[in-house]
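Presented below is the structure to which this report refers.
The values are calculated or read from the model by the stated rules, or taken from the named source; none is laboratory data. Note that the structure is predicted; figures quoted are calculated from it, not measured. Cβ coordinates were reconstructed from backbone atoms using ideal geometry, including for glycine residues, and neighbour counts include every protein chain displayed. Surface areas here come from the heavy atoms of the whole protein model, side chains and all, with no ligands, DNA or RNA. Shrake-Rupley method; radii C 1.70, N 1.55, O 1.52, S 1.80 Å.
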Amino acid sequence: MERPERAAAAMGAQPRANGCSGAAHGALRNGYVRGLSATDTQINHIVHNGGLYKRPFNEAFEETPMLVAVLTYVGYGVLTLFGYLRDFMRQWKIEKCQNAIEREEQKDFVPLYQDFENFYTRNLYMRIRDNWNRPICSVPGAKVDMMERVSHDYNWTFTYTGRVIKGVINMGSYNYLGFAQNNGTCQQAAAKVLSQYGAGVCSSRQEMGNLDKHEELEKLVARFLGVESAMAYGMGFATNSMNIPALVGKGCLILSDELNHASLVLGARLSGAAIRIFKHNNMQSLEKLLKDAIVHGQPRTRRPWKKILILVEGIYSMEGSIVRLPEVIALKKKYKSYLYLDEAHSIGALGPTGRGVVEYFGMNPDDVDVLMGTFTKSFGAAGGYIAGKKELIDYLRTHSHSAVYATSLSPPVVEQIITSMKCIMGEDGTTFGRECVQQLAENTRYFRRRLKEMGFIIYGNEDSPVVPLMLYMPAKIGAFGREMLKRNIGVVVVGFPATPIIESRARFCLSAAHTKEMLDTALKEINEVGDLLQLKYSRHRLVPLLDRPFDETTYEETED
């Protein structure tokens, strides 16, 4: 049977969001592809015609305006100067010191935590600390209930008022397909298993913690991904950090994207392998490292590397970008290296049937040596998995620290994963799962398009449900989060060290559970706060044309 995107191309229409076929959105005027410079558009067009990509690949990373960058640096400079002034005042007891300090008898020791990060925490982070760790007291669905708290000492401590803020629109949770819920099929199945198996296993898989439910889950994951075998783990972060050291070690080389998640970075460091970093999603940079690795071999000895492992993510959780998987696989085959793909954010959220970035690009799962993903996002549960060849999984069962020493997944959590995955696959006898995947794709395109029309700088791929909105200046991080909460919108704001110091942002995560009314409400408030805080930095604003035919939308580029 012909693939949907190919069929759409044959009919002269473009594929819809998330690789789902449908009517085109109309040709774009002036040759302008949404969110891309002319150079990027040309490159993507050439790659598409070259046969590597079966569908358009459009990503936007608009350059930071020079004035905004300068003002951001000035803002951090002023905050740093005031930080040193306040530290001086604390030292002389002029201002009360509330942060942790070394005891008098430890003064001759090397300081344990008195470094720049501690300086940043007490003088910069503390000013906006109220934007993080906000406790919610409901299911993290499309709307949440949040406990109100206040601080009377400039965010050093918080006091709960006893009031609950009801019905906050949740734009921050990774609940991509809406399975985080306390009613419905998943909840009923999990409750039934809870009454039968209990809440915990109290043992590792190799001892007394291997349940029939674990075996069922692993067979289902392998079938869902189209690979030979899979293994489930109790923690998504540990799935990366504890398995990479089992796969590579001394004498091996890891080539890691510069924006990889902390779990991948930690796993690479723990492995003892040599690490080289390539520029984000830059295939020229990756190929240069591969060539150098093969030509020069290991330092000093010049022996060939035992293994070369490429580490990439499906969707990058801070940038909203999608890995250029067809090109990565082509390079992997060309230079006889191995590929480790982290699909934590992309599994369930990409592809016509939610099978991740591999399906999104129409690739063969066998071309990816190690498929990793988590159950914490699209499946509304916890834990992670590694999938691939049977030999790989059998090896990890005996050599992975996470498999040998960690406690097994909780039975109700396992049942939540099984039920939601079967729903996505359509094995529950309904089309609800497929509809959720489709709804997420439509929500993603709609939300991204509207934000660009408003004039915000938005990062990432047009099909990515992770939507970073650039804030830049340090004072606007806290202001944006507070103003949105005042309007009953819960958002995640992100700054240094999670991002580069001048690239602070708000990160929206879309969900299939979001209705159009919720998104319109959120967009209205974002637009209002954007005007209030002057966040509309984009110089490539997209304006709907008045002569658009029917319900299709075309755009032209404008310069402010």
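Using only the alpha-carbon atoms, what does the stretch 425-532 span along each of its principal axes? Please give whole angstrom values in decreasing order.
51, 27, 23
What length, rounded to one decimal in nm, is gained on full extension from Asn58 through to Glu215, with 0.36 nm per residue of separation minus their alpha-carbon distance? Mind showing how you got there, number by number?
Numbers: separation 157, 0.36 × 157 = 56.52 nm, distance 3.95 nm.
52.6 nm is the gain from fully extending Asn58 to Glu215.
Could you name the lysines whose alpha carbon sits less than 18 Å from that of Lys219, not counting residues in the same chain fewer than 8 places away?
Those lysines meeting the cut-off are Lys389, Lys390, Lys422.
Suppose R0 equals 41 Å. What FRET efficiency, 1/(1 + (r/R0)^6) with r the Cβ-Cβ distance, do Lys389 and Lys279 give to the nearest 0.05?
Working: r = 30 Å, r/R0 = 0.74.
In this case the efficiency is close to 0.85.
Ranking request for peptides 136-146, 447-457, 156-166, 379-389: highest mean number of other beta-carbon atoms within 10 Å first, then the rest in descending order.
Values: 136-146: 17.0, 447-457: 21.4, 156-166: 12.2, 379-389: 24.1.
In descending order of packing, they fall as 379-389, 447-457, 136-146, 156-166.
Name the residues of the stretch 214-249 whose amide N is less than 14 Å from a point 7 angstrom out from the Cα of Lys336 along the C-beta direction?
From the stretch 214-249, the list is empty.
May I ask you to work out the translational diffusion coefficient for the stretch 109-243 at 37 °C, viscosity 0.692 mPa s, via Stokes-Einstein with Rh from the Kirkwood sum over Cα pairs, reported in whole µm²/s?
Working: Rh = 19.7 Å.
D, rounded to a whole number, is 167 µm²/s.
Could you check how many percent of all C-alpha pairs in the chain are farther apart than 36 Å?
Of all Cα-Cα distances in the chain, 39 percent exceed 36 Å.
Translational diffusion coefficient, Stokes-Einstein: compute it for the stretch 164-278 using the Kirkwood radius over C-alpha pairs as Rh, at 4 °C and 1.567 mPa s, and state it as an integer in µm² s⁻¹. Can you show the working numbers first?
Working: Rh = 17.8 Å.
Using the Kirkwood radius from Cα pairs, D works out to 73 µm²/s.
Percent antiparallel among DSSP beta bridges with both residues in the chain, to the nearest 5? Provide the component values of the computation, followed by the final result.
Working: 34 of 53 bridges.
Expressed as a percentage, antiparallel bridges in the chain total about 65.
Binning at 5 Å from 0, report for the stretch 262-402 what percent of all alpha-carbon pair distances ends up in each bin.
Percent of Cα pairs in each bin: 2, 9, 17, 22, 22, 16, 9, 3, 1, 0.
So how do 353-359, 435-441, 295-301, 78-84 stack up, highest first, on mean other-Cβ count within 10 Å?
On the way: 353-359: 24.3, 435-441: 21.6, 295-301: 10.1, 78-84: 13.4.
Descending mean neighbour count gives 353-359, 435-441, 78-84, 295-301.
Sum -39500 (n - 2.57) across every DSSP H segment of at least 4 residues in the chain, then divide by the residue count to get the 222 nm mean residue ellipticity, nearest 500. Please list the in-between numbers first.
On the way: 18 runs with 212 residues, N = 560.
After summing the helix terms and dividing by residue count, I get -11500 deg cm²/dmol.
Run the numbers for Lys516 and Lys250: contour at 0.36 nm per residue of separation, minus the present Cα-Cα distance, in nm. Spell out each step's value before the answer.
Working: separation 266, 0.36 × 266 = 95.76 nm, distance 5.20 nm.
Net length gain for the segment: 90.6 nm.
So which helices of the chain fit the span-like rule, where a helix is a whole DSSP H run, its Cα atoms reach 15 Å or more along the axis, and its mean Kyte-Doolittle is at least 0.0?
On the way: long enough: 38-49 (17 Å, -0.57); 66-91 (38 Å, 0.94); 185-197 (18 Å, -0.10); 212-225 (20 Å, -0.66); 283-296 (19 Å, 0.11); 411-425 (21 Å, 0.84); 432-454 (33 Å, -1.14); 474-486 (19 Å, -0.12); 516-533 (25 Å, -0.13).
Within the chain the helices that satisfy the rule are 66-91, 283-296, 411-425.
Given an 8 Å cut-off on Cα distances and at least 6 residues of separation, report the relative contact order of the stretch 415-507 as a percent.
On the way: 102 pairs, mean separation 17.4, N = 93.
Computed over the stretch 415-507, the figure is 19 percent.
What is the packing order of peptides 62-69, 415-422, 491-498, 370-377, taking the mean over residues of other C-beta atoms within 10 Å and listing the highest first?
Working: 62-69: 13.9, 415-422: 24.4, 491-498: 18.0, 370-377: 26.0.
In decreasing order of mean packing, 62-69, 415-422, 491-498, 370-377 become 370-377, 415-422, 491-498, 62-69.
What net charge do the residues around Gln98 carry, taking every other residue with its C-beta under 14 Å from that of Gln98, with Lys and Arg at +1 and Asp and Glu at -1? Walk me through the intermediate numbers first.
Values: positive: Arg86, Arg90, Lys93, Lys96, Arg122, Arg127, Arg129; negative: Asp87, Glu95, Asp153.
The answer is +4.
So for the stretch 51-151, considering every pair of alpha-carbon atoms, how many percent are separated by more than 15 Å? Working shown, then result.
On the way: 3973 of 5050 pairs.
More than 15 Å apart: 79 percent of the Cα pairs in the stretch 51-151.
Please state the charge dipole magnitude for the chain, taken about the Cα centre, from unit charges on C-beta atoms (+1 on K and R, -1 on D and E), reported in debye and rounded to the nearest 20.
Details: 66 positive and 61 negative charges, 156 e Å.
Dipole about the Cα centre, nearest 20: 740 debye.
Averaged per residue, what accessible area in Å² does the chain show with a 1.4 Å probe, protein chains only?
Details: 26170 Å² over 560 residues.
Averaged over the residues of the chain, the accessible area is 47 Å².
Which one of Ser138, Ser203, Leu469 is farthest out on the positive end of the charge dipole of the chain, using unit charges on Cβ (Lys, Arg +1; Asp, Glu -1) and the Cα centre as origin?
About the Cα centre, the residue reaching furthest to the positive side is Ser203.
Work out how much length Gln196 to Val70 would gain on full extension: take 0.36 nm times their residue separation and subtract the Cα-Cα distance, in nm to one decimal. It would help to have the intermediate numbers written out before the result.
Working: separation 126, 0.36 × 126 = 45.36 nm, distance 6.10 nm.
Taking Gln196 through Val70 to full extension adds about 39.3 nm, to one decimal.
How big is the Cα convex hull of the stretch 352-510 in projection, averaged over all directions, in nm²?
Numbers: hull surface 51.1 nm².
Mean projected area of the Cα convex hull: 12.8 nm².
About the Cα centre of the stretch 332-484, how large is the charge dipole given +1 on each Lys and Arg Cβ and -1 on each Asp and Glu Cβ? Please answer in debye to the nearest 20.
On the way: 18 positive and 17 negative charges, 100 e Å.
Approximately 480 debye in magnitude.
For the pairs Lys279/Lys476; Lys54/Lys279; Lys306/Lys332; Lys143/Lys486; Lys166/Lys192, flag any whose C-alpha to C-alpha distance is greater than 18 Å.
On the way: Lys279/Lys476 28 Å; Lys54/Lys279 24 Å; Lys306/Lys332 15 Å; Lys143/Lys486 15 Å; Lys166/Lys192 30 Å.
Those over the limit are Lys279/Lys476; Lys54/Lys279; Lys166/Lys192.
Can you give me the % of accessible surface on the chain that is carbon or sulfur? Probe 1.4 Å, all protein chains present, nothing else counted. Walk me through the numbers before you get to the answer.
Values: 14580 of 26170 Å².
Here it works out to 56 percent.
So which GluC sites (Glu not before Pro) in the stretch 202-247 pass both tests, a DSSP loop state and at most 13 other Cβ atoms within 10 Å of the Cβ?
Details: sites: Glu207, Glu215, Glu216, Glu218, Glu228; in loops: Glu207, Glu228.
Passing both the DSSP loop test and the Cβ count: Glu207.
In a shell of Cβ-Cβ distance under 13 Å around Tyr76, excluding Tyr76 itself, what net charge do Lys and Arg (+1) and Asp and Glu (-1) give?
+1
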